[in-house]
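What follows is one structure encoded as structure tokens, with my remarks underneath.
The values are calculated or read from the model by the stated rules, or taken from the named source; none is laboratory data. Please read these numbers as outputs of a predicted model, since none were measured by experiment. Backbone-built Cβ (ideal geometry, glycine too); neighbour counts: all protein chains shown.
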Amino acid sequence: MDGRTFSRARWGCWARAALLATLAGAALYLVARLTGLTGGGSSERLRRWWLGDATQRQALITVQREQCPGAPFVLPADGFIGLLYADPSSPYSAAAPHQGIDIFSLGARGQTPVYAAYDGYITREASWRSALIQRVPDDPLQPGRTIWLYYAHMADPDGNSYIEPAFAPDTHELFVPQGTLLGYTGDYNGASLWAISVHLHFSIVADDGRGGYTNELEFANTLDPSPYLGMPLHYACQAETIACVPNPVCLP
Ligand SMILES: [Zn+2]
């Protein structure tokens, strides 16, 4: 064996080892992902969404293009409401639960429309590729206070935006009525290595009292969207199928 042959053989060995390590890593990831999703409740629904056939997935979809009776907001996108408010499912936890709802799309990225849930003033910060925030100056359920509606993940993994051109970066306080098309769902996750599925993250964020919004990543700064949308969207109140109900709030 001359040097070159030896070198080639050694590289082949390395390539095989690297491939095996990658496959082992992928298998471990899948096992972790699945075992993390077998805790019951929303985990069981998530499992059916990830592993189910087309019929099972279709059965999980919520389509509600009108306000639920007695509720002020309209669901901003059709889809599978897979991760609920206060949900501790991975990648969230009991200590840092989900701050909003995730509406997973049946279609590919860039296809499922996202609509304004309520009347309000849209802001898109200069650096935001996939997100909008909407100021609602008069909370319909608690008149007199301001709340903010946050819509995220409307871009592809490289950050190419699916937000409507009317809401270019550095847009501030542009009024839109309820039902206005804002963009399309995507799977952008910033610089994170954690790949995500195509979905809309929607949350209601508290005002800071000085004309701005609070940090939407902090659970404590967010509100339960259930009474606003007329659906049981809190993790503690989850139902098999998510649809309009007369009493969407189960907590005292
Ligand atoms: Zn989310």
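Does any residue of region 72-91 turn out to be on the phi > 0 side of the Ramachandran plot, more than 16 Å from the ligand (Cβ to nearest atom) and out of contact with any Pro (no Cβ under 6 Å at 6 or more places or on another chain)?
As a first pass, look at region 72-91 and keep what is on the phi > 0 side of the Ramachandran plot: 79, 86.
If we keep only those that are more than 16 Å from the ligand (Cβ to nearest atom) as well, we get none.
The answer is no; no qualifying residue exists.
State which residue pairs qualify: first residue farther than 22 Å from residue 213 by Cα and inside region 141-163, second residue at pLDDT below 95 and within 16 Å of the ligand (Cβ to nearest atom) in any location, beta carbons under 8 Å apart, and separation of 6 or more residues or different chains.
Short answer, once both residue conditions are applied: 157/189; 157/195.
Take residue 57 and decide whether it is assigned to a helix (DSSP H, G or I) and surrounded by 20 or more Cβ atoms within 10 Å (Cβ to Cβ). Reasoning before the result, please.
Numbers: assigned to a helix (DSSP H, G or I): yes; surrounded by 20 or more Cβ atoms within 10 Å (Cβ to Cβ): no.
For residue 57, the condition - assigned to a helix (DSSP H, G or I) and surrounded by 20 or more Cβ atoms within 10 Å (Cβ to Cβ) - is not met.
Can residue 172 be described as within 16 Å of residue 101 (Cα to Cα) and either within 20 Å of the chain's Cα centre (by Cα) or not small (Gly, Ala, Ser) (or both)? Walk me through it before giving the result.
Working: within 16 Å of residue 101 (Cα to Cα): no; either within 20 Å of the chain's Cα centre (by Cα) or not small (Gly, Ala, Ser) (or both): yes.
Taking the combined requirement at face value, the residue does not satisfy it.
State whether one or more residues within region 220-231 are touching a Pro at 6+ places or on another chain (Cβ under 7 Å) and part of a loop (DSSP other than H, G, I, E, B). Give the derivation first.
Initial filter on region 220-231 (touching a Pro at 6+ places or on another chain (Cβ under 7 Å)): 226-228, 230-231.
Going one step further and asking which of them are part of a loop (DSSP other than H, G, I, E, B), we end up with 230-231.
For region 220-231, residues touching a Pro at 6+ places or on another chain (Cβ under 7 Å) and part of a loop (DSSP other than H, G, I, E, B): present.
Does residue 73 count as at pLDDT 95 or above, part of a loop (DSSP other than H, G, I, E, B) and not β-branched (Val, Ile, Thr)?
Values: at pLDDT 95 or above: yes; part of a loop (DSSP other than H, G, I, E, B): yes; not β-branched (Val, Ile, Thr): yes.
Spelling it out, residue 73 is indeed at pLDDT 95 or above, part of a loop (DSSP other than H, G, I, E, B) and not β-branched (Val, Ile, Thr).
Any idea which residue in region 232-242 is farthest from the ligand (Cβ to nearest atom), counting only those that are at pLDDT 95 or above and either surrounded by fewer than 17 Cβ atoms within 10 Å (Cβ to Cβ) or in a loop (DSSP other than H, G, I, E, B) (or both)?
Top of the filtered list is 232.
Out of the residues in region 137-152 meeting the condition of being within 16 Å of the ligand (Cβ to nearest atom) and farther than 13 Å from residue 188 by Cβ, tell me which one is surrounded by the fewest Cβ atoms within 10 Å (Cβ to Cβ). Steps first, answer last, please.
Going residue by residue through region 137-152, those that are within 16 Å of the ligand (Cβ to nearest atom) are 148-152.
Filter once more, so that each one left must be farther than 13 Å from residue 188 by Cβ: 148-150.
On the way: 148: 24, 149: 25, 150: 19.
Looking at residues that are within 16 Å of the ligand (Cβ to nearest atom) and farther than 13 Å from residue 188 by Cβ, I get 150.
Quick test for you: out of 197, 226, 203, 192, pick the one residue that is touching a residue at least 60 places away in the same chain (Cβ under 8 Å), surrounded by fewer than 19 Cβ atoms within 10 Å (Cβ to Cβ) and of a type in the set (Ser, Thr, Tyr). Walk me through how you get there before you give the answer.
Numbers: 226 fails: surrounded by fewer than 19 Cβ atoms within 10 Å (Cβ to Cβ); 203 fails: surrounded by fewer than 19 Cβ atoms within 10 Å (Cβ to Cβ); 192 fails: touching a residue at least 60 places away in the same chain (Cβ under 8 Å).
Step by step, each of 197, 226, 203, 192 is checked, and only 197 is touching a residue at least 60 places away in the same chain (Cβ under 8 Å), surrounded by fewer than 19 Cβ atoms within 10 Å (Cβ to Cβ) and of a type in the set (Ser, Thr, Tyr).
Residue-wise test of (1) assigned to a strand (DSSP E or B); (2) modelled with pLDDT under 95.
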{"site": "178", "(1), (2)": "no, no"}
{"site": "182", "(1), (2)": "yes, no"}
{"site": "189", "(1), (2)": "no, yes"}
{"site": "202", "(1), (2)": "yes, no"}
{"site": "206", "(1), (2)": "yes, no"}
{"site": "244", "(1), (2)": "no, no"}
{"site": "252", "(1), (2)": "no, yes"}
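Which residues, taken from region 142-158, are touching a Lys or Arg at 6+ places or on another chain (Cβ under 7 Å) and either closer than 18 Å to residue 182 by Cα or at pLDDT below 95 (or both)?
Filtering region 142-158 down to residues touching a Lys or Arg at 6+ places or on another chain (Cβ under 7 Å) leaves 146, 148, 155-156.
Within region 142-158, 148, 155, 156 qualify.
Determine which member of the set 206, 131, 155 is more than 20 Å from residue 81 (Cβ to Cβ), within 16 Å of the ligand (Cβ to nearest atom) and of a type in the set (Gly, Ala, Ser). Even if it seems obvious, please write down each step before you answer.
Values: 206 fails: within 16 Å of the ligand (Cβ to nearest atom); 131 fails: more than 20 Å from residue 81 (Cβ to Cβ).
Just a single option satisfies the conditions, and that option is 155.
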